[in-house]
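What follows is one structure encoded as structure tokens, with my remarks underneath.
The values are calculated or read from the model by the stated rules, or taken from the named source; none is laboratory data. Bear in mind that the values here come from a model prediction, so they are computed numbers and not experimental data. For neighbour counting, all protein chains shown are included, and Cβ atoms are generated from backbone atoms with ideal geometry for every residue, glycine included. Just so you know, the surface numbers come from the protein's heavy atoms only, side chains and all, with ligands and any DNA or RNA stripped out. Shrake-Rupley method; radii C 1.70, N 1.55, O 1.52, S 1.80 Å.
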Amino acid sequence: MDDFSYKQGTLHCESVDLQTLARQFGTPLYVYSQQTIVDHYSRIAGAFASLAPKICYSVKSCSNLSILAVLKEVGACFDVVSGGELARALEVGVDPKRIVFAGVGKTDHEINAALEAGIGWFNVESEQELETLASLAAKRDTIAQVALRVNPDVDPQTHRHTTTGKRETKFGVDLQRAARVFEAFAKTPAINLAGVHVHIGSPVNHIEPYVESIKRTLDLVVQLRRRGLTISAMNIGGGYGAHYCGEEAPTAADYASHIVPLLQGENLEVMLEPGRSISANAGVLIAETIFKKSSGEKKFVIVDAAMTDLIRPALYDAFHFVWPITPARGMIPPRRSQDLQLEGTELVDVVGPVCETGDFLAKDRWLPPMARGDLICIYSAGAYGFSMSNQYNSRPRAAEVLVHGDKSKLIRRRETYEDLVALERGE
Ligand code: LLP
């Protein structure tokens, strides 16, 4: 599942002791395992290999340059959703042809930047975007390669905020309309509308919604080809699950065993956009206990990480397993699960210092008694952790460290108070 484990009573990332890292770089601190990143990427690549797909890592899940560089090295392509993410991918020297650009609201500025770079595919989500892209590409005397994002109206059975495959969401073009859009834009100069894109949500721990959405999209492809249109590619999106509560996500092999047969022999270049399934279990957030307090029946462990560092619990009520980094004897967790209740633990909420009741990292958890200064690990924080972090309450963002074997490297320094105000000072 990942490369975080207890050795001689202390949590390690690969061979590096997390207590030492926390003392060296301070807290809150994000730590990533290179081994886990590569392992998860390789599992997906291996499971889908018979389709020879382009695996476009979803940059939004964890966008640190050093992590992008690791993935580039192992052969990943990249899925970006903004000019900023495009700039990050270009910064690490990714071949622009290996970049796909999604998003419902690309600005002219962003489209121009992507045309300028010469990216592989635009995943387009509306007729107006197609018109705009065509006119901007024509001005540059270039041809943009385009996949139309379709909305298959399939329920991915995940949180409503991260459901994208239902018709009432803002994403894609519904299948009936999509057929008309393909015909209407088939001959438009400066765009080559030759692909379909479908992404139903995230995380999707059920395989059936993928099967259903791919089948519906393939029906569209058949229909379009019958009408004489050339459809050469299908991007089947991302959203594959990660392990938060235990081992709840299907494996890459599970997903592939149902998805690959659907696409085999269809004469389509296949693209995938996994983010979380590569990065989530590869990262943890380390925090230090500042205070403990009680209020009525409730006990709180107040730590120095907050919703500003990891917003998922506040935003989606997401579960992240938490446990001390150097637990007392006999308190090494035998497994990570939602209902773990070891002898000697107490029921607490782990909360941050931010002035919002929604600022919690873990609620109603049986944890070993924590004292001031004790370090705690918030697991499965590699995806949508740092990348969604912010400076609310004027909290400088955390540092990030990448571990590889027995080596660790600071890959983003901690922000300073100077960083907080630098852009607001007059000339
Ligand atoms: N492709 C598209 C078009 C997407 O919108 C997304 C995620 C992905 C791929 C990658 O999904 P992944 O494989 O990482 O699940 N902040 C939320 C997740 C938002 C997902 C947004 N789109 C969270 O923390 O759960």
Segment W366-V92, extension gain: residue separation times 0.36 nm, minus the distance between their alpha carbons = 94.4 nm
Tell me, what is the per residue accessible area of the range 1-140 in Å², probe radius 1.4 Å?
-> 38
Residues of the range 327-357 with amide N under 16 Å of a point placed 7 Å along Cα→Cβ from C245 = 335-341
Against the longest principal axis of the chain, how steep is helix 252-263, in degrees 0 to 90 to the nearest 10, with axes from Cα atoms?
-> 10
Rounded to the nearest whole Å², what accessible area per residue is found for the range 291-427 with the 1.4 Å probe?
-> 51
Which FRET efficiency value, to the nearest 0.05, is calculated for K298 and K166 with the Förster distance at 41 angstrom and r the Cβ-Cβ distance?
-> 0.65
Of the peptides 146-156, 333-343, how do they stack up when ordered by the mean number of other Cβ atoms within 10 Å, highest first?
-> 146-156, 333-343
Sites V74 and L347 - FRET efficiency at Förster radius 45 Å, r taken between beta-carbons, to 0.05 = 0.60
Taking the Cα atoms of the range 320-422 alone, what are Rg (to one decimal) and Dmax (as a whole number) in Å?
-> 15.9, 50
Cys in the chain lacking any partner Cβ under 4.7 Å -> C13, C62, C245, C355, C377
Can you give the helix-only mean residue ellipticity at 222 nm for the chain, where every DSSP H stretch with n ≥ 4 adds -39500 (n - 2.57) and the sum goes over all residues, rounded to the nearest 500 deg cm²/dmol?
-> -8000 deg cm²/dmol
With bins of 10 Å, the percent of all Cα-Cα pairs of the range 1-74 per bin from 0 is 16, 41, 30, 11, 2
Per residue convex hull volume, Cα atoms of the chain, in Å³ | 149
Each label sits 7 Å from Cα toward the beta-carbon; between S337 and Q264 the label points are separated, in nm, by 3.6
Within the under-9-Å Cβ sphere about F300, not counting F300, Lys/Arg +1 and Asp/Glu -1 give a net charge of +3
Percent of accessible area on the chain owned by carbon and sulfur, 1.4 Å probe?
-> 48
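Would you work out the charge dipole size for the chain about its Cα centre, treating the Cβ of every Lys and Arg as +1 and the Cβ of every Asp and Glu as -1, and quote it to the nearest 20 debye? Walk me through the intermediate numbers first.
Working: 45 positive and 52 negative charges, 51 e Å.
Dipole magnitude for the chain comes out near 240 debye.
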Leaving out same-chain residues fewer than 8 places away, which lysines sit with a Cα under 29 Å from that of K407?
-> K7, K60, K72
Mind checking the alpha-carbon convex hull of the range 114-157 and giving the volume per residue in Å³?
-> 78
